[in-house]
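Just so you know, all these numbers are worked out from the coordinates, no wet-lab data involved. Please read all numbers here as calculations on a predicted model, not as lab measurements. Cβ coordinates were reconstructed from backbone atoms using ideal geometry, including for glycine residues, and neighbour counts include every protein chain displayed.
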């Protein structure tokens, strides 16, 4: 069997990014200021977004870098980029939720069921909220999102295998996360005629971001599973990685939930 120190070191490599992520912000959406800093969007795109205001005045069409009105595909591409960036690096709560789902999945089929349920659910509420059918309150949605993270992570600690009720629970939580996506999406403001291309592009970008998180986690997980297997092939992955990481994610979710309720 491999030394305990070796396992602890490997677990630390997984926990450190999570703890840094948790310590960096207690808010799921710190400001989503895509146009701030050196890694922001192209200045021309930022100016186009700044001109949009869904609450006051006449909405103007989105324009490209040349000042020409954006077409359907150009708007679609822009919002794919915004959707990806909303997850990577700005969607820390959604990243932790997806990681909690991943840590609970010892089989690929179980992971697919959960991710599919989450995707369908947040797509539904994002579309409903963005089109004005429902109007979520951020003061309610943001704490709920944090507590969904805590619930899934704590369930990981209590059950070795995915429970039968996990996919329906993840679907329900996906509805809540979709409201969070919609809150940000609505703040961008959209002119008439470009709503659906922007909505579909944004949702696709979100999916690309989430799947990127899962892909990286799957690669690291496979390497760690191989590293943490003893000479008889028995796995120590759950105790050295999955449980400590779930504990860290659960505590982070609880902290976020409490601070958002009282903040």
Q: Multiply the residue gap between residue 137 and residue 212 by 0.36 nm, knock off their C-alpha separation, and tell me the result in nm, one decimal place.
A: 24.1 nm
Q: Please order 169, 206 by the number of other Cβ within 10 Å, starting at the fewest.
A: 169, 206
Q | Residues 137, 105, sorted so that the one with the fewest Cβ neighbours within 10 Å comes first | A | 137, 105
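If each residue's Cβ is checked for other Cβ atoms within 10 Å, how do 116, 246 rank with the fewest at the top? It would help to have the intermediate numbers written out before the result.
Details: 116 14, 246 23.
With the fewest neighbours first, 116, 246 line up as 116, 246.
Fully extended, how many nm does the chain gain between residue 110 and residue 196 (0.36 nm per residue separation, minus their Cα-Cα distance)?
On the way: separation 86, 0.36 × 86 = 30.96 nm, distance 3.17 nm.
Additional length available on full extension: 27.8 nm.
For a Förster distance of 45 Å, can you work out the FRET efficiency between the beta-carbons of residue 247 and residue 72, rounded to the nearest 0.05? Could the numbers behind the result be given before it?
Details: r = 46 Å, r/R0 = 1.02.
Working from the Cβ atoms, E equals 0.45.
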